[in-house]
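Heads up: the structure comes next, in structure tokens.
Please treat every number below as a calculation from the coordinates, not as lab data. Keep in mind the model is a prediction, meaning the values are calculated, not measured. Every residue, glycine as well, gets a Cβ built from its backbone with ideal geometry; the counts of neighbours run over all protein chains shown.
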């Protein structure tokens, strides 16, 4: 008797302690938003927008422990920066039966707020997170980081997702000013590489580890609305 080899996509469907697609909160989120979706691509599109706009982008309150990155915890908080939002979208895809994994890259952010730049001490965002979903025989990138309301005040067109074209950060804002510049690809992962990310963060942001994370208060939406007048 021969044992069947596991599918190469098996690990991209399984829950993990952080990509907790089996959590009741994540499953309820998927059930709520995918009720009318007719096929995998529709499910992927619907969940992208549910995470992009249903979870407020918040670069503050960055905690350095594993539990803070759980998909179910991001749903509870209804806010998070690029990495927790990518983890949530990946978990939602898995809960919906769609193979998915995490992707990371280093980017230079030319459009931020004075307070965020002061706290980061750099315009380089190390381990920027996104999700990849397997549709129609290929991997497609989905970046749910910035919600539509924040994009409006930043003067940036919100990222679309059609299930076919990679959804990545725009290189320029609506005025044509440089916005995001990709610097390095960190690869894709079936599970959240926390230690690898923290190692890169220790090198890029040593001050994070002196205080245990980033400031827990701030509202980038409100700050961004004041940037043109400063």
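If you average the sequence gap of Cα pairs under 8 Å that are 6 or more apart and divide by the length of the stretch 65-106, what percent do you get for the contact order? Working shown, then result.
Numbers: 29 pairs, mean separation 12.7, N = 42.
The normalised contact order for the stretch 65-106 reaches 30 percent.
Using 1/(1 + (r/R0)^6) with R0 = 45 angstrom and r between the beta carbons of residue 184 and residue 22, what's the FRET efficiency to the nearest 0.05? Working shown, then result.
Working: r = 33 Å, r/R0 = 0.73.
That gives a FRET efficiency of 0.85.
At a Förster distance of 30 Å, what's the computed FRET efficiency of residue 65 paired with residue 152, Cβ-Cβ distance as r, to 0.05? Let's see the in-between values first.
Details: r = 33 Å, r/R0 = 1.09.
It comes to 0.35.
How would you rank 53-61, 28-36, 86-94, highest first, on the average number of other Cβ atoms within 10 Å across their residues?
Details: 53-61: 18.7, 28-36: 14.9, 86-94: 30.3.
Descending mean neighbour count gives 86-94, 53-61, 28-36.
Relative contact order (percent) for the stretch 43-156, with alpha-carbon contacts under 8 angstrom and 6 or more residues of separation?
In percent, rounded to a whole number, it is 31.
Before anything else, pin down the relative contact order of the stretch 1-102: Cα pairs under 8 Å, at least 6 apart, normalised by residue count, whole percent.
Values: 129 pairs, mean separation 39.2, N = 102.
Dividing the mean separation by the residue count of the stretch 1-102 yields 38 percent.
Going by C-beta contacts inside 10 Å, put 25, 138 in order with the fewest on the left.
On the way: 25 15, 138 9.
Sorted ascending by nearby Cβ count, the order is 138, 25.
Hey, with R₀ at 41 Å, roughly what FRET efficiency would residue 164 and residue 117 work out to, going by the Cβ-Cβ distance, to 0.05? Walk me through the numbers on the way to the answer.
On the way: r = 35 Å, r/R0 = 0.86.
Result of the calculation: an efficiency of 0.70.
List the residues of the stretch 54-71 whose backbone N lies under 19 Å from a point placed 7 Å from the Cα of residue 35 along the Cα-to-Cβ direction.
Once the point is set 7 Å along Cα→Cβ of residue 35, 54-55 turn out to lie under 19 Å by backbone N, inside the stretch 54-71.
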